[in-house]
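So the structure is just underneath, and the comments pick up after that.
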Amino acid sequence: MSGVTTALTELAGAAGRLGGQAADILGDRLELMALELREDKIRIVQVLILAFLGTALILFGLLLLVGAGIYALPAEWRLSGLLLAAAAALAAGWLALCALRKRLGARPGIFAQSIAELEKDKACF
C-alpha cells in the first residue's frame, strides 16, 4: 500500500511541476503578445500620421503650385504651366503613397512572433 501511495505522490508532484511549467510558458507567451500589441499600436499611429501628413502636404503643394503657375506665367504659357504643376504634384503624391504601401507591406502580420513561438511549443508537446 505504501508503494502505491508513494507512486501517486510522485505522480502528483510531477503533474504539479508540469502544470507550473505550462503556466510559466503561457505567461511568457502572453507577455510577448502584449509587447507585440504595443509595437503594432505605435506602428499604426505612425502610419496614420504619415498618411495624413503626406496627403495634407500634397494638397497644399498642389494648391501652391497651381497658384504660382497662374500668377507667374504670361497668359500664353499659363495652361502649360498649370499642367506641369499638376503633373508634379500628382507625381509627388504617387511617390508618397508608394512609400506608404512599401512601409505597410514590409512588416510581418500582427502577433507573428507569438504565433511562431506557440507553434514551437505545440511541436514540443
Review point. Which of A22, G105, L8 sits farthest toward the positive end of the charge dipole of the chain, with +1 on the Cβ of Lys and Arg and -1 on the Cβ of Asp and Glu?
Key: G105
**Study point:** In degrees, nearest ten, helix 78-105 long axis to first principal axis of the chain (Cα)
**Key:** 10
Point to revise | Dipole magnitude (debye, nearest 20) for the chain, charges at Cβ of Lys, Arg, Asp, Glu | key: 500
Practice item. Report ³J(HN,Hα) in whole Hz for each residue of region 20-34, in order, from the Karplus equation J = 6.51 cos²θ - 1.76 cosθ + 1.60 where θ = phi - 60°; Gly and Pro get x. Key: x, 5, 5, 5, 5, 5, 4, x, 4, 5, 5, 5, 5, 5, 5
Check your understanding: For log10 I(q)/I(0) by the Debye sum over Cα atoms at q = 0.13, 0.15, 0.20 Å⁻¹, which listed value, (1) -0.51, -0.69, -1.27; (2) -0.76, -0.85, -1.07; (3) -0.44, -0.60, -1.16, comes from the coordinates shown?
Key -> (2)
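Which whole number in µm²/s is D for region 45-106 by Stokes-Einstein, with the Kirkwood Rh taken over Cα pairs at 25 °C and 0.890 mPa s? Before the final figure, lay out each step's value.
On the way: Rh = 12.6 Å.
So the translational diffusion coefficient is about 194 µm²/s.
Every number in this text was worked out from the coordinates using simple rules, so none of it is lab data. Everything numeric here is computed off the predicted structure, so don't read it as measured data. FYI the Cβ positions are ideal-geometry reconstructions off the backbone, even for glycines, and counts take in every protein chain you see.
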